[in-house]
1. Here is a list of conditions, (1) within 14 Å of chain A (Cβ to nearest Cβ); (2) in contact with a Gly (Cβ under 7 Å, 6 or more places away or on another chain); (3) without any contact (Cβ under 8 Å) to a residue 60 or more places away in the chain; (4) assigned to a helix (DSSP H, G or I), and B:Ala14 meets all of them except one; can you say which number that is?
2. Of everything in the range A:138-166 that's open to solvent by 30 Å² or more (accessible area, probe 1.4 Å) and touching a Pro at 6+ places or on another chain (Cβ under 9 Å), which residue is farthest from A:Asn50 (Cα to Cα)?
3. Considering B:Met188, B:Met158, B:Met229, which residue is in contact with a Leu (Cβ under 6 Å, 6 or more places away or on another chain) and either surrounded by 12 or more Cβ atoms within 10 Å (Cβ to Cβ) or farther than 16 Å from B:Val139 by Cβ (or both)?
4. Just to verify a result, which residue in the range B:207-218, among those that are surrounded by 16 or more Cβ atoms within 10 Å (Cβ to Cβ) and in contact (Cβ under 8 Å) with a residue 40 or more places away in the chain, is nearest to the chain's Cα centre (by Cα)?
5. Mind listing whichever residues of the range A:205-222 are at pLDDT below 95 and out of contact with any helix residue (DSSP H, G or I) (no Cβ under 9 Å at 6 or more places or on another chain)?
6. Quickly run through the range A:1-40 and pick out the residues that are closer than 18 Å to A:Gly165 by Cα, crowded, with 19+ Cβ neighbours inside 10 Å and either more than 13 Å from chain B (Cβ to nearest Cβ) or among the aliphatic types (A, V, I, L, M) (or both).
7. What's the number of the only condition in (1) open to solvent by less than 10 Å² (accessible area, probe 1.4 Å); (2) free of Cβ contacts under 8 Å to residues at least 24 places away in the same chain that A:Asn125 fails to meet?
8. Could you list all residues from the range A:60-97 that are hydrophobic (A, V, I, L, M, F, W, C), assigned to a strand (DSSP E or B) and either within 12 Å of A:Tyr238 (Cβ to Cβ) or more than 9 Å from chain B (Cβ to nearest Cβ) (or both)?
Amino acid sequence: MNEFPSWGLYPKAQEQVFKNISSRFSKLPTSGLACLPRGLGRSYGDSCLNDHGLLIGTSYLNHFIDFDQNTGKIICESGVSFDEILKVVLPTGWFLPVTPGTKYVTVGGAIANDVHGKNHHRAGNFGHHVLKFELLKSSGERLICSRESNSDLFFATIGGLGLTGFITWAEFKLTKIQSSWIHQQQIQFNSLADFFSLSQESERDFEFTVSWVDCVNSKDIRGIFIRGNFGEIEKDRYRLHKEPGMKRVPFFLPKITLNSLSVRAFNELYYRKNLSSNKKNSIHYDPFFYPLDSIHHWNKIYGRRGFLQYQFVIPYKDDQGAALYEIFDILKKSQMGSFLAVLKTFGSIPSEGMLSFPKEGVTLALDFPNHGEKLLKVLSKCDEIVKSVQGAVYPAKDARMSKESFAAFYPRLSEFEKHIDPKFSSSFWRRVR
Amino acid sequence: MKKILIIGATSAIAQEVAKIYAQKKHELILWGRNAEMLNIISQDLKVRGSSALTIINHDLNDLTAHASKVDEIWSTHSKIDIVLLAHGVLGDPRKAEVNQQEMLHLLNSNFISHASLLTFISQKMVKQGYGTIAVISSVAGDRGKQSNYVYGSAKAGMTTFTDGLRNRLFSTGVHVVNLKLGPVDTPMTKDHKKTPLFGKAPSVGRGIVNAIEARKNTVYLPFFWRFIMMIIKSIPESIFKRLRL
């Protein structure tokens, strides 16, 4: 068993050497192999893998450097996780400006993937909130990158998949909150048109929006639209999330557990459970943002064969979502089923990173058990549709897109390539270049 | 607000303990050898909430400085609530079997310097009439085995010293905690193959804080080492000497 797999457990990495960097003042560990920084390994596919290469671990870069409680500016080492940041800043009324669906990501990883969250329409990506960072090159050179100095390298490194050098520390802005609690509404919708109008209406008044969709059973696209804002609640005003308990998936579940029938049943059940929706309630940030964090190693439910995530973004305003319908159609016909399908609109804030994923449009994230060749074919078909409408597939979640697709999804690729550190690479990079 | 002296403050486990105390706004005095790391750690602990921080940058194996450094600490801070001894080295066990220098280095860094420090610290604690001394020892001290008996014997010395000190100080109101740690995934064990028995530094850190709070005498961390060592200690020597442990 590989000690440093990706979160999707597919593909399997070959002969990776792992060395921790011992402090932010240290030199990069050397080995003559191609380097790749490695945080908590939450990327799904092969962008956090380095076959026959060296992974540089950041677990000792877990220190804070400064935190100004008045302005919400924070400086910390790149291996500090969002989990740790919340523990330190939340009791003082601050929160992460942007967070993905797990708090077990490092600051370095969040920058390298320019992660987004449920507030993209308001806040953009994580990179938008980064003020500066130090980049350690394999030459030993240390560069402070910001919008003002070394700005090209700054914009190459945001969303740069860890290929431009090693981030030792970063400074970014937090966001002020009234309490740990989110006033949430859940609204059921039964068509894509409904979803779009709900999105449009909600983005005006709500900081956070996201939808769970059933792309297996229904004729049209149905799902539950969730929207919310941090509220002002006096009781337990700044209550922190708990340490993870004993809930964990202790071993790989057998293949039989997830098949098209069980996925269908799950989707149907989940939908019915929330049918009585149009619910309003207050929910703690932990289950709201990080529903799966309470179950350790939930990635093992798909068994040893692993699973693939597929997340893409496509514009929808011109075609009213026709391309999205097409993709849903392919998925439904393929009977691949997806446990978790998450739908959200991205706002118009342009991404700054040369390879950042988000752009204005609608994004869908899907999980598939690793069905092998059959699944790869289906996803390639989806790629073609994404390509035809100038969309993009998310590298942090990819394990299979082609060179051609990658180049089409990321038009600033050649500009980016100038900034790659000559000693850095990844399995993903060698696959798509 | 408590005053806590952490000796060997740059160790990963000591850092985890310090983080917990910092979050509780306590005052920390960090003693260690690596000035750069001490600075990194003290910045971190300040952000995490520590109300005051002092750094003492001095090699702990310099026994001649122990008396004056301990004097200095108590004259600056007058009273210390908790002292944690967390320094130590694993060294090279194979080399220590044949090389006198390495053997003495292991004994000095894992026992002699602790015994020396405790001699001075215990006097200060007795004088103030309260407080807790916590010492990080190791399950390796519970029984000598071929893989690391030099390290193990230093830790056995620590364990006996600590237990004796607890006994002597009981009537003075000063409490002594002996923390017997199993292997933990830290920079100290970076070259060791990790098994499921390896503890994680954050949870071991929490275990230490809990043990200090609960005024435990001897604590195994992670807890299951108590049972493992119970079994290992009960193997008759005639059999044990044949094992390759």
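The values are calculated or read from the model by the stated rules, or taken from the named source; none is laboratory data. Since the model is a prediction, treat every value here as computed from it, not as a measurement. Every residue, glycine as well, gets a Cβ built from its backbone with ideal geometry; the counts of neighbours run over all protein chains shown. Please note that ligands, DNA and RNA were not included when accessible areas were found on the heavy atoms of the full protein model with its side chains. Shrake-Rupley method; radii C 1.70, N 1.55, O 1.52, S 1.80 Å.
1. (3)
2. Checking each candidate, the answer is A:Ser139.
3. One residue alone meets the criteria, B:Met188.
4. Taking the candidates together, the pick is B:Ile208.
5. A:Lys219
6. A:Ile21, A:Leu28, A:Ala34, A:Cys35, A:Leu36, A:Pro37, A:Arg38, A:Gly39, A:Leu40 - these are the residues of the range A:1-40 that are closer than 18 Å to A:Gly165 by Cα, crowded, with 19+ Cβ neighbours inside 10 Å and either more than 13 Å from chain B (Cβ to nearest Cβ) or among the aliphatic types (A, V, I, L, M) (or both).
7. Failing condition for A:Asn125: (2).
8. Step one: filter the range A:60-97 for residues hydrophobic (A, V, I, L, M, F, W, C), giving A:61, A:64-65, A:67, A:74-76, A:80, A:82, A:85-86, A:88-90, A:94-96.
Subsequent filtering for residues that are assigned to a strand (DSSP E or B) retains A:64-65, A:67, A:74-76, A:94-95.
Passing the criteria: A:Trp94, A:Phe95.
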